[in-house]
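The values are calculated or read from the model by the stated rules, or taken from the named source; none is laboratory data. Just so it is clear, the model here is predicted, and its values are computed rather than measured. Positions of Cβ are backbone-derived with ideal geometry, glycine not excepted, and every protein chain shown enters the neighbour counts. Surface accessibility is based on the protein's heavy atoms, side chains included, excluding ligands, DNA and RNA. Shrake-Rupley method; radii C 1.70, N 1.55, O 1.52, S 1.80 Å.
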Amino acid sequence: MVNCFHCGDACLDVEIKHDEKSFCCHGCKTVYDILHDNDLSYYYDLEKNPGISPKEIAGKYDFLDNETIVEKLLEFNDGTTQIVSFLIPSIHCSSCIWILENLNKLNPSVKSSQVNFPEKTVRITFSAEENSLKNLVILLSRIGYEPYISLDDSDKKEKNINRSLIYKLGIAGFAFGNIMFLSFPEYFEHSEFWLDQFKPFFRWLMFAFSLPVVFYSGSGYFVSAYKGLRSKILNIDVPIALGIAVLFIRSTIDIVFNLGTGFFDSLSGLVFFLLLGKFFQQKTYSYLSFERDYKSYFPIAVTRLFKNSEGKTVEEQAEVYTVKKGDRLLIRNNEIIPVDAILIKGNALIDYSFVTGEAEPISKQSGDKLFAGGKQQAGILEVEVLKPVAQSYLTQLWSNDVFSKDKTGVFENITDNISKRFTVVLLSIAFISTIFWLMVDPSKAFNVFTSVLIVACPCAIALAAPFTLGNVLRIFGREKLYLKEASVIEQMAKLDTVVFDKTGTLTTNQKNLITYEGVALSAEEKQLLTSTLRASSHPLSRSLYNILDKNDIQTLDDFEEEVGKGITATFNHNSIKVGSYEFVGFSDETNSEFKNRTTVHISANRVYKGCYIFNSEYRKGVAQIFKQLGTDKEVIVLSGDNEGERERLEALLPKGTKLHFNQKPDDKLNFIKNLQQNGKQVLMIGDGLNDAGALKQSNVGFVVSENTNVFSPACDGILDASQFKKIGDYLNFSKKGVQIIKWAFLLSLFYNLVGLSFAVTGHLKPVVAAILMPLSSISIVVFTTIATQYIGKKLRMDINKQS
Amino acid sequence: MNIIYMLLAISVFVAIVFFVLFIVSVRKGQYDDTYTPSVRMLFEDELVKEGGSIKSETSKEKITNSKK
């Protein structure tokens, strides 16, 4: 087997020899020629087979002639120089970076180009006088780096990256370090001539450093505590804010009245560690987006037909948003229909799998209604718009309330849960010990009261969850489950119901399991069938062709394809008919057996032979997953498809699994809502736009994705399809993570007890606080990290054992 | 010993300068993409070899000569 020099794919049907190298297709060869002629063959030295085979793009980018669309895509434009950023999903290796950053060798109008590899974007500055955006896009597509342009690009959002956490962390760390140095002398010497001389100066300098820590870095804790108290929740930030405030006030009083050094070192250290935990908890996968809606799936422009003054029909490229009811649109092969419309002309074969969950493309006759989101698969269509893009059947889903709500903060987290009790106990200890000292020695009472609040500040408790979850988040990332944020893990541990979508989730998108039923075909007939299928571009023909032996391909004498029906072909006086049951010629009997199933029927020389049945192929291990999950959870299948697969699913899945078919997108959403109202904690696993509502409504929504480059709807986590069968292990793993947090709570409560024993007896010196607080924080970090890495290793071993 | 006021002032000033530089670099987006520059850096080396291969060879020779 020879592999393509450009893209590395195996050369299956054809092998093109060129320049002593082999190529799998003409596209790859062309890219090689372009690069070779421009002295860019270094591309092939950097990585082996780095290329991407370019796709057919004729006419696809005509909409870039429309200036308003171009204007929306451009980041900067002064008439001569234009800057544009493209998302290029096919960026995957260092050769890609090199070629894209050397674009100016291919086209001198490009002034500079810069790749952001993790985000898979390239930012190109080019001269508008010498080149147009359209040519640039075509150039990129020709060398295999086709940019992904969608409706999402048309409403330009300011890239607003919130970096305030880094600033806060930076300031806290900076102040912490400096204050440590300044407070060091007093740790060891109580009175010494020079020390006494400089004491006030050192102390006020520490005070100055602590100001930004309290009022900027720590500000988030005060805000959150205030918000918590207003909604009558004692969240973890209440005792933290109390601790920070008491630390600062007590320390200021200490230095004003010259009572001691104060606790500025502990104060800044506390804030620094807390922010560090927050920072660690974040892990962003810059090339994945968890917030996408239909806009990133829909095209930005569409071809509109209208009659000009002379009565001639003219094509124009219009923005999708400007399309109105009654407009005529032209939909090309492989384009997505962006609006609800009526089919006027053309043979429609529409793939709705992503939108409704129906597995096979559906053919439509003129006069039929077409829904937005379907992908045309056979030739050109002319349609009349019924509803504009924002009001279509599919996009209506996004006007549901769930999409305007923010999921985070809805669920109570484990730390706030413990903080309720902790705060109450802490305050009672503080008051009891103060009352005790008021009776015994009133001069110490204030001292004890503040000491209790200082030393019991739940820094370690607040760190337990962020570091554990942060670690678990990274372990999941390594195992190809990409979570949106750490709080999802806590929700995962609580789940008791799992709902699966069928098409694309339980089934794979790539392969079909094809079986033949009927009279066996002779070798000659098989030959003829293969040759016939080869000429057809229908998706079913393509997948059938791929599984057949490809020997002795003949050039057919006659070939006719009736789109939506079937193919007739003849060779050497043998004729063959391939297509629907009716087409093959036996229309009288409506065969109920084949209803709801995808079949291709064959007749040779007017004799019915049999049919190929296309079954969707289920992912490996579906049965085991259901068994594993079924032990302690309720498992449900929710499909937008018809009931054709019911029997197969029932045979495949454990008995008692609930199956629901013909579920529309908002049915799915309401189904999940119902489960939740009955007190269920629901995990939704889906893949397409039709699951978007259910994913958003569920407690945790995961998307299964074959290729993380392609579009996936808004969700809490993206699961790589190869890891699909491990979903049960992952759920168990999240439970173990929560267990670790609970152990860490115990550990930090122990530290608090030690600290409190110093505080209530009135012995808390700044140096004790300065040792105890970082010590407890660091040991929590160490404990949670070691524990999560240990269970992470076990997870890895379990997975390896299974596979 | 009063020099300590000046020393502290200088050290705090230097620390603040570095701190401001850090903030500025974060704000400019220097830490947004930490991967691509590491790859890009290696290209330029290779490119020089390709374009001016003779030059780099001669300089290598010089180094080996001087070692002898």
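Considering only segment B:20-36, I want to know if a residue exists there that is at the interface with chain A (Cβ under 8 Å from one of its Cβ atoms), open to solvent by 70 Å² or more (accessible area, probe 1.4 Å), at pLDDT below 85 and assigned to a helix (DSSP H, G or I).
no
Of all the residues that make up segment A:57-84, how many are assigned to a loop (DSSP other than H, G, I, E, B) and within 28 Å of the chain's Cα centre (by Cα)?
3
Check A:Asp666 against each of (1) modelled with pLDDT under 90; (2) buried (at least 24 other Cβ atoms within 10 Å of the Cβ) and name the one condition it does not meet.
Every condition holds for A:Asp666 apart from (2).
Would you check if A:Ser53 is under 27 Å from A:Asn3 (Cα atoms), of a type in the set (Ser, Thr, Tyr) and more than 14 Å from chain B (Cβ to nearest Cβ)?
Yes: the conditions hold for A:Ser53.
Among the residues of segment A:746-753, is there at least one that is open to solvent by less than 80 Å² (accessible area, probe 1.4 Å), without any contact (Cβ under 8 Å) to a residue 40 or more places away in the chain, closer than 30 Å to A:Leu182 by Cα and among the aliphatic types (A, V, I, L, M)?
No.
Being loosely packed, with under 15 Cβ neighbours inside 10 Å, closer than 30 Å to B:Phe19 by Cβ, modelled with pLDDT of 75 or more and within 14 Å of chain B (Cβ to nearest Cβ): is that true of A:Asn162 here?
yes
Rundown of residues vs (1) modelled with pLDDT of 85 or more; (2) in contact with a Phe, Trp or Tyr (Cβ under 9 Å, 6 or more places away or on another chain); (3) open to solvent by less than 10 Å² (accessible area, probe 1.4 Å); (4) on the phi < 0 side of the Ramachandran plot, yes/no style:
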residue	(1), (2), (3), (4)
A:Val472	yes, yes, yes, yes
A:Tyr482	yes, yes, no, yes
A:Asp501	yes, no, yes, yes
A:Tyr516	no, yes, no, yes
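Scan segment A:331-349 residue by residue and report those that are part of a strand (DSSP E or B) and within 32 Å of the chain's Cα centre (by Cα).
Scanning segment A:331-349 gives A:Ile331, A:Ile336, A:Asp340, A:Ala341, A:Ala348, A:Leu349.
For segment A:435-524, which helices (runs of 4 or more DSSP H) that fit wholly inside it have 2 or more residues that are more than 30 Å from A:Leu242 (Cβ to Cβ)?
Hits in segment A:435-524: A:459-478.
Name the one entry in A:Phe702, A:Phe733 that is surrounded by 24 or more Cβ atoms within 10 Å (Cβ to Cβ), at pLDDT 90 or above and touching a strand residue (DSSP E or B) at 6+ places or on another chain (Cβ under 9 Å).
After applying the criteria, what remains is A:Phe702.
Kindly indicate which of A:Asn347, A:Asn308 is touching a residue at least 24 places away in the same chain (Cβ under 8 Å) and open to solvent by 20 Å² or more (accessible area, probe 1.4 Å).
Of A:Asn347, A:Asn308, the one residue that is touching a residue at least 24 places away in the same chain (Cβ under 8 Å) and open to solvent by 20 Å² or more (accessible area, probe 1.4 Å) is A:Asn347.
I'm trying to understand the selection: among the residues of segment A:64-105, which are small (Gly, Ala, Ser) and at pLDDT 85 or above?
The one that is small (Gly, Ala, Ser) and at pLDDT 85 or above: A:Ser85.
Got at least one residue in segment A:435-457 being modelled with pLDDT under 80, in contact with a Phe, Trp or Tyr (Cβ under 7 Å, 6 or more places away or on another chain) and buried (at least 22 other Cβ atoms within 10 Å of the Cβ)?
Looking for residues that are modelled with pLDDT under 80, in contact with a Phe, Trp or Tyr (Cβ under 7 Å, 6 or more places away or on another chain) and buried (at least 22 other Cβ atoms within 10 Å of the Cβ), one finds none in segment A:435-457, hence no.
This table checks each residue for (1) assigned by TED's automatic domain parsing to the domain that holds A:Ala721; (2) without any contact (Cβ under 8 Å) to a residue 24 or more places away in the chain.
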{"position": "A:Val425", "(1), (2)": "no, yes"}
{"position": "A:Ile432", "(1), (2)": "no, yes"}
{"position": "A:Ile435", "(1), (2)": "no, yes"}
{"position": "A:Met439", "(1), (2)": "no, yes"}
{"position": "A:Ala460", "(1), (2)": "no, no"}
{"position": "A:Arg474", "(1), (2)": "no, no"}
{"position": "A:Asp501", "(1), (2)": "yes, no"}
{"position": "A:Leu513", "(1), (2)": "no, no"}
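Give segment A:6-20 a look and list any residue that's on the phi < 0 side of the Ramachandran plot and open to solvent by 60 Å² or more (accessible area, probe 1.4 Å), or say none.
Matches in segment A:6-20: A:Asp9, A:Leu12, A:Asp13, A:Val14, A:Glu15, A:Lys17.
Might you check whether a residue that is at pLDDT 75 or above, within 8 Å of chain A (Cβ to nearest Cβ) and closer than 30 Å to A:Tyr167 by Cβ occurs anywhere in segment B:40-56?
yes
Of the residues in segment A:128-153, how many are open to solvent by less than 10 Å² (accessible area, probe 1.4 Å) and among the polar types (S, T, N, Q)?
Residues meeting the conditions: 2.
What number goes with the only condition from (1) without any contact (Cβ under 8 Å) to a residue 60 or more places away in the chain; (2) in a loop (DSSP other than H, G, I, E, B) that A:Gly379 does not pass?
Going through (1) without any contact (Cβ under 8 Å) to a residue 60 or more places away in the chain; (2) in a loop (DSSP other than H, G, I, E, B) one by one, A:Gly379 breaks only (1).
Go through segment A:610-665 and give me each residue that's touching a His at 6+ places or on another chain (Cβ under 8 Å) and part of a loop (DSSP other than H, G, I, E, B).
A:Ser639
Could you tell me whether segment A:642-658 includes any residue that is out of contact with any helix residue (DSSP H, G or I) (no Cβ under 7 Å at 6 or more places or on another chain), open to solvent by less than 10 Å² (accessible area, probe 1.4 Å) and either of a type in the set (Phe, Trp, Tyr) or at pLDDT below 80 (or both)?
There is no residue in segment A:642-658 that is out of contact with any helix residue (DSSP H, G or I) (no Cβ under 7 Å at 6 or more places or on another chain), open to solvent by less than 10 Å² (accessible area, probe 1.4 Å) and either of a type in the set (Phe, Trp, Tyr) or at pLDDT below 80 (or both).
If you check A:Gly269 against the conditions, is it touching a Lys or Arg at 6+ places or on another chain (Cβ under 9 Å), closer than 18 Å to A:Val767 by Cβ and among the small types (Gly, Ala, Ser)?
In short, no.
Against the definition (at pLDDT below 85, closer than 28 Å to A:Gly170 by Cα and more than 24 Å from the chain's Cα centre (by Cα)), how does B:Ile10 come out, yes or no?
Taking the combined requirement at face value, the residue does not satisfy it.
Looking at the structure I just gave you, is A:Leu683 open to solvent by less than 10 Å² (accessible area, probe 1.4 Å), modelled with pLDDT under 90 and of a type in the set (A, V, I, L, M)?
No.
Mind listing whichever residues of segment A:187-210 are of a type in the set (D, E, K, R) and in contact with a helix residue (DSSP H, G or I) (Cβ under 7 Å, 6 or more places away or on another chain)?
Answer for segment A:187-210, where residues must be of a type in the set (D, E, K, R) and in contact with a helix residue (DSSP H, G or I) (Cβ under 7 Å, 6 or more places away or on another chain): A:Glu189, A:Arg203.
Report, by residue number, each residue of segment A:35-86 that is open to solvent by less than 80 Å² (accessible area, probe 1.4 Å), more than 15 Å from A:Ser150 (Cα to Cα), in contact with a Ser or Thr (Cβ under 7 Å, 6 or more places away or on another chain) and not polar (S, T, N, Q).
Within segment A:35-86, A:Leu35, A:Tyr43, A:Leu46, A:Glu47, A:Pro50, A:Ile52, A:Pro54, A:Ile57, A:Ile83 qualify.
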